[in-house]
Amino acid sequence: MKVVSWNIHRCFGVDRRYDPARVAQVLQEIDADVIALQEIDSSLRAEDGSNQLIYLARHLGMHAVMGPTLDRDYGAYGNAVLTKYEITRFDEHDLSYRRVEPRGAISIQLRAAWGEFRLVNTHLGLKYWERSFQIDRLLAQLVWPEGNLADPVIFLGDFNEWFPFSGNALRLERAFKFKSPRVPTFPAHWPRFALDRIYLSGPVADLSCEVPRTSLTRVASDHLPVIAQFRFLKERVSEDHV
């Protein structure tokens, strides 16, 4: 399985050009089974007149779900997932903290040939205590609601943890045995901060990760995508625990 997490910055690149086709090209070249996107904006139209999510789903031939953090008559803004797998359940979760910018997460169940697994895609806040509240809620209610660490879970997104040894960052590091390394993903043209991460729980094997730094990924968004490729071991996965 190959998964990617990417903050696409509403399809505006570092050159300030609006170009959904450029984002689609990056994702097509990555060719992931599951794509988790943050800062997708369905109020903005692509070249064919469709919104960003519909455009990307059609271009890539994938199923798509949107989890808005801002929802207006003219369109929604927030998180999204595109996948080649069957979606068996989809839930949106409000992670907003007091009066700061609304935040949220998508929790979905996906069915592969070997069984089901859970994926949680999120974009956390800019303030430390805001993120602390959001991490508490995510770990307790979404990732392991029954406290079973053997359940197959992919937890990924833009975590906005600027400092690698902050309390929030260390809590995430300790909570997951498997994760992408701290490779800088922001800003894309001169990456210094590992804001985007992929965490895995359950029976995982053959994990490899990368952050592609190409001429296209450096300009398509202000973040670089982070990619993980791995296997969930079939013999330890049970649908009763998903």
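The values are calculated or read from the model by the stated rules, or taken from the named source; none is laboratory data. Model, not experiment: these values are computed from the prediction. Neighbour counts are summed over all protein chains in view; Cβ atoms, including those assigned to glycine, are modelled from backbone coordinates with ideal geometry.
Tabulated data for the structure shown
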| quantity | calculated |
| --- | --- |
| Residues of region 159-196 that turn out to be of a type in the set (V, I, T) and outside any loop (DSSP other than H, G, I, E, B), as a count | 0 |
| Extreme residue, nearest to N121 (Cα to Cα), among residues of region 8-40 that are under 15 Å from the mean Cα position of the chain (by Cα) and assigned to a strand (DSSP E or B) | A36 |
| When residues of region 48-71 are limited to those that are assigned to a strand (DSSP E or B) and not hydrophobic (A, V, I, L, M, F, W, C), the one farthest from I30 (Cα to Cα) | D71 |
| Qualifying residue in region 185-193 (condition: farther than 18 Å from I8 by Cβ and at pLDDT 90 or above) | yes |
| Tabulated pairs, region 22-49, first at negative phi, second surrounded by fewer than 22 Cβ atoms within 10 Å (Cβ to Cβ) and in a loop (DSSP other than H, G, I, E, B), C-beta under 6 angstrom, 6+ apart or interchain | V26/L216; D33/M1; D33/K84; S43/Y74 |
| In region 126-145, residue farthest from F193 (Cα to Cα) [restricted to those that are modelled with pLDDT under 90 and assigned to a loop (DSSP other than H, G, I, E, B)] | P145 |
| Condition met for V4 (at pLDDT 95 or above and either outside any strand (DSSP E or B) or out of contact with any helix residue (DSSP H, G or I) (no Cβ under 7 Å at 6 or more places or on another chain) (or both)) | no |
| Residue list for region 197-242, filter: of a type in the set (V, I, T), assigned to a loop (DSSP other than H, G, I, E, B), crowded, with 16+ Cβ neighbours inside 10 Å and modelled with pLDDT of 90 or more | V211 |
| First in region 118-141 and without any contact (Cβ under 8 Å) to a residue 24 or more places away in the chain, second anywhere and of a type in the set (K, R) and outside any loop (DSSP other than H, G, I, E, B), Cβ under 9 Å, 6 or more apart | D136/R171 |
| Hey, R98 of a type outside the set (G, A, S), surrounded by 20 or more Cβ atoms within 10 Å (Cβ to Cβ), out of contact with any strand residue (DSSP E or B) (no Cβ under 7 Å at 6 or more places or on another chain) and more than 21 Å from V4 (Cβ to Cβ) or not | no |
